[in-house]
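The values are calculated or read from the model by the stated rules, or taken from the named source; none is laboratory data. What you see is a predicted model, and the numbers here were worked out from it, not measured in a lab. Backbone-built Cβ (ideal geometry, glycine too); neighbour counts: all protein chains shown. We work out accessible area using only protein heavy atoms, side chains counted, and drop any ligands, DNA or RNA first. Shrake-Rupley method; radii C 1.70, N 1.55, O 1.52, S 1.80 Å.
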Amino acid sequence: MIINVKVKPESSKEIVKMDGDRLLVQIKEKAENNKANISLIKLLAKHYQVEHSQIKIKNGFSSTKKMVEV
């Protein structure tokens with residue numbers, strides 16, 4: 001399953017919710033040294049109840065708009 005994700009780094013809370021046609025994910029980590037991407041993968045794995053290895057960022061590694069495969 002491919003999901004369009006909008007990431008908001010440096011948020012006060014970690015939240016996963018639908019925002020129109022994409023998933024809005026707020027994470028506490030800063031968007032530096034891949035920390036935000038790692039946090040995104042962990043949070044989505046928990047949300048979808050799958051292993052971390054089953055979440056892959058397909059597009060948008062350095063962007064707030066990403067395509068993620070679950």
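Residues in segment 11-27: is at least one touching a Pro at 6+ places or on another chain (Cβ under 8 Å) and not in a strand (DSSP E or B)? Scanning segment 11-27, I find at least one residue that is touching a Pro at 6+ places or on another chain (Cβ under 8 Å) and not in a strand (DSSP E or B), so the answer is yes.
Might you check whether a residue that is open to solvent by less than 90 Å² (accessible area, probe 1.4 Å) and in contact with a Pro (Cβ under 8 Å, 6 or more places away or on another chain) occurs anywhere in segment 48-63? No, that holds for no residue.
Does at least one position in segment 31-46 carry a residue that is open to solvent by 100 Å² or more (accessible area, probe 1.4 Å), within 16 Å of Met67 (Cα to Cα) and not β-branched (Val, Ile, Thr)? Checking segment 31-46: at least one residue is open to solvent by 100 Å² or more (accessible area, probe 1.4 Å), within 16 Å of Met67 (Cα to Cα) and not β-branched (Val, Ile, Thr).
Using the structure shown, decide if Ile3 is touching a residue at least 60 places away in the same chain (Cβ under 8 Å) and either surrounded by 13 or more Cβ atoms within 10 Å (Cβ to Cβ) or among the basic types (Lys, Arg) (or both). For Ile3, the condition - touching a residue at least 60 places away in the same chain (Cβ under 8 Å) and either surrounded by 13 or more Cβ atoms within 10 Å (Cβ to Cβ) or among the basic types (Lys, Arg) (or both) - is met.
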